[in-house]
Every structure is written in structure tokens, then in C-alpha cells.
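The values are calculated or read from the model by the stated rules, or taken from the named source; none is laboratory data. Keep in mind that this is a model prediction, so the values were computed, not measured. Cβ placement follows ideal geometry from the backbone for every residue including glycine, while neighbour counts extend to all protein chains displayed. The protein model used for the area step is the full one, side chains on, heavy atoms only, and it has no ligands, DNA or RNA in it. Shrake-Rupley method; radii C 1.70, N 1.55, O 1.52, S 1.80 Å.
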Amino acid sequence: MKKSIFFFFVILSSGMISAQKSSEKPIITKVILMRHAEKVIDGSKDPALTEEGEKRAERLRFLLSDVTIDNVFSSPYVRTKETVSKLATFKNSQIKSYDPKDTQFSEYLLTHEKGKTSVVVGHSNSIPSLVNRLIKKEQYASLSEDVYCKLWIVTFSDTTFVDCSVLNY
């Protein structure tokens, strides 16, 4: 009899714990990724944006103006920082530098940026690769040198991948 009562309370309490867990709101994490805007072709390793690139940076600022942005990440190049500088200024945010060759950056985003919305700007090869690491699927190829308009929004619920939307801006 004592064992029956004990098991009844164990089952009852485990049901209450699982009901409590199911009523908790999931933690939503969003990562918005894009390649830098159009760059000057001047033969240098670190060119600035062209006039068209500056216009695209302004479109990005406008596009994300109503989105809550917690952090802005850029590779350490002039063209990437200029792509998000208007957005960062508008959001009163500092641009954080990251290494686009760091294959662990996706894990950093999922652990340290959990529950936040982060913007990441990189390059024609690094951004599709980072998206692939985030979604754990080889879906996106490197962009051709004339494509600057792609923007990915990757969404997670807790640590579970939910959606990857691709936009042109």
C-alpha cells in the first residue's frame, strides 16, 4: 500500500512538472545574415562601398528599422562594417567583430545570442556557409560576385531550428 501511494505521488508530481514545462514560453532566437553591399573594385584587399552599396546599406537600415536588434556582427573589413553601420547607428548598437573563417561562430550565436535577434554581415562565401552550419544542412552555395541582395532570416525555438527565410533587398 505504501509503495502504491509513493508511486501515485511520483506519477502525479512528474505530470505536474511536465505540465509546467509545456506552459513555459519557448526562447526564440533569430539570426539575420547578409553579404556586404556592393564594393569598389579598386584592386585593394579592403575596399569601401560604392554609391550603390551605400544605397543598399540604407535600404537595409530601413528594412530592419522596426525589428528589435540586440547585436550587430561584422567581419573586420571596411565593406562589411559600412554595410551595417547605418543600421547599428540607428539601433544605437556597437558593431561587434567576428572572424568569418571561424567555424564555431554558429555555435556561439546559438549559445551566447540565445533569445536575441542578431544581424551578421559577411562575404559571398562565408554567409551561405554560416547559414548551412546554423540549419545543419548543406543547402546554400556561395554567392556569385555580382549578388549582393540576399538576406537570410534563421529562426530557432529554444535550440531547435524552425525556419530559414531568404529575402532579396
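The residues on offer are Val131, Val67, and the sole one that is open to solvent by less than 20 Å² (accessible area, probe 1.4 Å), modelled with pLDDT of 95 or more and not acidic (Asp, Glu) is Val131. Every residue in segment 79-97 that is open to solvent by less than 20 Å² (accessible area, probe 1.4 Å) and either closer than 15 Å to Tyr169 by Cβ or in contact with an Asp or Glu (Cβ under 8 Å, 6 or more places away or on another chain) (or both), please. Hits for segment 79-97 are Thr83, Val84, Leu87.
Pro76 meets the stated requirement of being surrounded by fewer than 14 Cβ atoms within 10 Å (Cβ to Cβ) and either among the aromatic types (Phe, Trp, Tyr) or in contact with a strand residue (DSSP E or B) (Cβ under 9 Å, 6 or more places away or on another chain) (or both).
Picking from Ser124, Ser85, Ser129, which residue would you name as being assigned to a helix (DSSP H, G or I), under 18 Å from the mean Cα position of the chain (by Cα) and farther than 30 Å from Asp158 by Cβ?
Every option except Ser85 fails the conditions.
Tell me yes or no: at least one residue of segment 97-116 is in a strand (DSSP E or B) and either of a type outside the set (Lys, Arg) or at pLDDT 95 or above (or both). Checking segment 97-116: at least one residue is in a strand (DSSP E or B) and either of a type outside the set (Lys, Arg) or at pLDDT 95 or above (or both). Residue count for segment 104-119 under the criterion of being farther than 27 Å from Ala57 by Cβ and polar (S, T, N, Q): the result is 2.
Among the aliphatic types (A, V, I, L, M) and closer than 25 Å to Pro26 by Cβ - does that describe any residue in segment 55-68? Taking every residue of segment 55-68 in turn, at least one turns out to be among the aliphatic types (A, V, I, L, M) and closer than 25 Å to Pro26 by Cβ.
Among residues of segment 145-169 that are charged (D, E, K, R), those with a Cβ under 7 angstrom from a residue that is part of a loop (DSSP other than H, G, I, E, B) and open to solvent by less than 60 Å² (accessible area, probe 1.4 Å), sequence gap 6+ or separate chain, pair up as Glu145/Ser124; Lys150/Leu143. Given the condition farther than 21 Å from Pro128 by Cβ, of a type in the set (A, V, I, L, M, F, W, C), part of a helix (DSSP H, G or I) and in contact (Cβ under 8 Å) with a residue 24 or more places away in the chain, answer yes or no: does some residue in segment 49-57 qualify? No: segment 49-57 contains no residue that is farther than 21 Å from Pro128 by Cβ, of a type in the set (A, V, I, L, M, F, W, C), part of a helix (DSSP H, G or I) and in contact (Cβ under 8 Å) with a residue 24 or more places away in the chain.
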